[in-house]
1. Restricting the search to segment 113-156, which residues are surrounded by 21 or more Cβ atoms within 10 Å (Cβ to Cβ) and of a type in the set (Gly, Ala, Ser)?
2. Do the conditions hold for residue 100, that is, is it assigned to a strand (DSSP E or B) and more than 25 Å from residue 205 (Cβ to Cβ)?
3. Can you name the number of the only condition in (1) out of contact with any helix residue (DSSP H, G or I) (no Cβ under 7 Å at 6 or more places or on another chain); (2) at pLDDT 95 or above; (3) open to solvent by 40 Å² or more (accessible area, probe 1.4 Å); (4) more than 17 Å from residue 277 (Cβ to Cβ) that residue 343 fails?
4. What number of residues in segment 237-256 are part of a strand (DSSP E or B), open to solvent by 20 Å² or more (accessible area, probe 1.4 Å) and more than 16 Å from residue 172 (Cα to Cα)?
5. For segment 251-274, check the following and say yes or no: at least one residue is over 26 Å from residue 372 (Cα atoms), touching a Ser or Thr at 6+ places or on another chain (Cβ under 6 Å) and in the same structural domain as residue 167 (by TED's automatic domain parsing).
6. For segment 406-421, give me each residue that is within 10 Å of the ligand (Cβ to nearest atom) and within 25 Å of residue 188 (Cα to Cα).
7. Hey, among 39, 65, which residue is assigned by TED's automatic domain parsing to the domain that holds residue 170, touching a strand residue (DSSP E or B) at 6+ places or on another chain (Cβ under 8 Å) and modelled with pLDDT of 95 or more?
8. Please enumerate the residues belonging to segment 213-236 that are open to solvent by less than 20 Å² (accessible area, probe 1.4 Å) and either outside the structural domain of residue 74 (by TED's automatic domain parsing) or more than 26 Å from residue 448 (Cβ to Cβ) (or both).
Amino acid sequence: MGRKQENFSEWYNELVEKADLIDKRYPIKGMDVWRPYGLSIMRAIDRYTHEEMARTRHQEVQFPLFIPQTEFNKEAEQIKGFGGEVYWVTKGGNNDLDVPLVVRPTSETAMYPMFSLWVRSHKDLPLKVYQIVSVFRYETKQTRSFIRVREIHFFEAHTAHDTYEDAERQIHEDVQIWARLAERLCLPYVLSKRPDWDKFPGAHYSVAADAMLPELKTLQVATFHHYKDNFAKAYDIKYESQDSTHVFAHQTTYGMSERLLGAIISVHGDDKGLMLPPAVAPHQAVIVPILFKGKEAGVMDAARHLANLLLAAGFRVHVDDREETAGFKFNDWEMRGVPVRIELGPKDVEKAQCVMVRRDNGQKSFVAQADAAKGLAETLASYADGLVSRAWKTMTENVRDVKTAEEAKTVSGIARAGWCGSDECGQKIQAVTEKTVLGVPLDVAFPSFKEEAHGKLVLPGKGFSGHCAACGKATTTPVHIAKTY
Ligand code: ZN
């Protein structure tokens with residue numbers, strides 16, 4: 001067993017700094033400094049998010065960081081849900097503010113007073129906007145970089161629709177967007193409709209994607225909420241329908257955060273360090289020139305030539321020309337999770353070839369320099385397949401069907417058990433197992449959602465038949481139960 005398996009927390013906490021993702025020495029707990037390498041990965045994730053938003057006709061907005069207490073207090077569930085973990089601004093200079101300001105923990109209460117001004121007629125709907133900003137939560141539990149922090153790099157999409165059904169179609173679209181993103185990040189997941197007691201404050205229902213981390217606990221990495229007209233009523237978001245009546249809008253949100261980076265590090269990394277998905281790796285390949293006395297110039301020229309060729313083909317490639325040994329460079333780039341190392345020595349220059357080495361399994365292939373772009377594309381694809389199949393195997397090997405809550409307690413990973421659907425039984429399952437009911441798998445909760453919407457990497461739940469793990473009643477509805485972060 002390696003260090004990652006023995007002591008995941010220690011492995012994780014050391015690696016995020018060693019790989020120069022962040023600097024934890026900033027003097028506020030839970031607020032880390034993003035370093036260039038870490039930020040570059042996060043920006044790549046954001047880039048895909050922007051692309052998906054454009055594809056699905058969401059428009060980017062940017063709302064102020066502060067929310068007046070008077071607006072924040074309009075939706076009772078939000079206050080209950082976030083009241084204890086918001087930062088307050090109570091002074092401007094030396095003056096006490098008349099109305100204290102909340103530093104946004106999420107932006108419903110900032111956006112919806114404006115939605116009420118923007119939405120007038122059914123022609124203004126659907127309204128689909130999003131922003132990628134920092135949100136702040138006064139986290140009192142133990143913090144962990146990217147996973148539990150006080151300043152969160154956050155994506156939030158907010159929509160308003162004319163009907164309940166149109167808002168539900170939006171949830172469907174969100175799930176498809178998520179499936180495409182998860183595929184790029186090589187991240188398997190479970191999609192669940194959260195039980196009522198665990199839905200987002202103010203939501204009608206919540207759907208969430210959970211990834212499985214090495215301690216076999218799950219991490220919530222994306223959420224989709226149907227608000228019905230709950231917020232519209234609190235913020236007076238009404239439109240004039242075709243028959244001239246004024247109707248409250250139905251709303252949804254979709255949220256993700258830097259936890260995605262936390263999941264990538266945790267799921268794919270090994271004892272040597274990170275393993276980054278090619279889609280978000282700052283360098284998809286690093287060329288390491290193998291230098292021998294007297295032949296340096298020829299090799300360096302060939303390395304630069306090869307890099308230009310690959311850059312022109314659209315790859316992110318870096319030439320490591322540091323004055324270090326080749327062995328040092330190999331280890332260093334392995335630790336930083338670069339998908340492919342390209343070795344180039346004097347013999348390779350003579351033969352007009354290079355050596356491509358996969359980060360995950362060390363597999364080497366000799367590729368003619370003229371075919372380098374094709375060779376790199378193939379190597380990156382097989383490397384990404386390797387990440388996916390290992391992560392998928394870990395997830396599916398750690399799901400167990402159980403009959404009772406007592407049995408679910410003994411399962412490490414995800415236990416799948418029957419649930420009659422009553423809150424009482426669900427709470428009992430949580431109490432007995434000392435774990436969390438993630439919810440009903442999405443394909444069971446929403447059989448009307450098309451199957452392809454769920455993506456290739458989702459753990460499905462359909463076809464279940466059994467008995468409620470608490471009361472023993474026959475049911476075809478399973479729930480996933482796991483320890484969570
Ligand atoms: Zn029951």
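The values are calculated or read from the model by the stated rules, or taken from the named source; none is laboratory data. Please read these numbers as outputs of a predicted model, since none were measured by experiment. Note: ideal-geometry Cβ built from the backbone for every residue, glycine included; neighbour counts use all protein chains shown. Side chains included, ligands, DNA and RNA excluded: accessible areas come from the protein's heavy atoms. Shrake-Rupley method; radii C 1.70, N 1.55, O 1.52, S 1.80 Å.
1. 145
2. Yes.
3. (3)
4. To start, the set of residues in segment 237-256 that are part of a strand (DSSP E or B) comprises 238-240, 246-248, 250-256.
From the residues that got through so far, the ones that are open to solvent by 20 Å² or more (accessible area, probe 1.4 Å) too are 238, 240, 246-248, 250.
Those still in the list that are more than 16 Å from residue 172 (Cα to Cα) too: 238, 240, 246-248.
Total satisfying the criteria: 5.
5. Taking every residue of segment 251-274 in turn, at least one turns out to be over 26 Å from residue 372 (Cα atoms), touching a Ser or Thr at 6+ places or on another chain (Cβ under 6 Å) and in the same structural domain as residue 167 (by TED's automatic domain parsing).
6. From segment 406-421, those within 10 Å of the ligand (Cβ to nearest atom) are 418-421; that's our starting set.
Of everything in segment 406-421, those that are within 10 Å of the ligand (Cβ to nearest atom) and within 25 Å of residue 188 (Cα to Cα) turn out to be 418, 419.
7. On the way: 39 fails: touching a strand residue (DSSP E or B) at 6+ places or on another chain (Cβ under 8 Å).
Being assigned by TED's automatic domain parsing to the domain that holds residue 170, touching a strand residue (DSSP E or B) at 6+ places or on another chain (Cβ under 8 Å) and modelled with pLDDT of 95 or more holds for just one of 39, 65, which is 65.
8. 213, 219, 235
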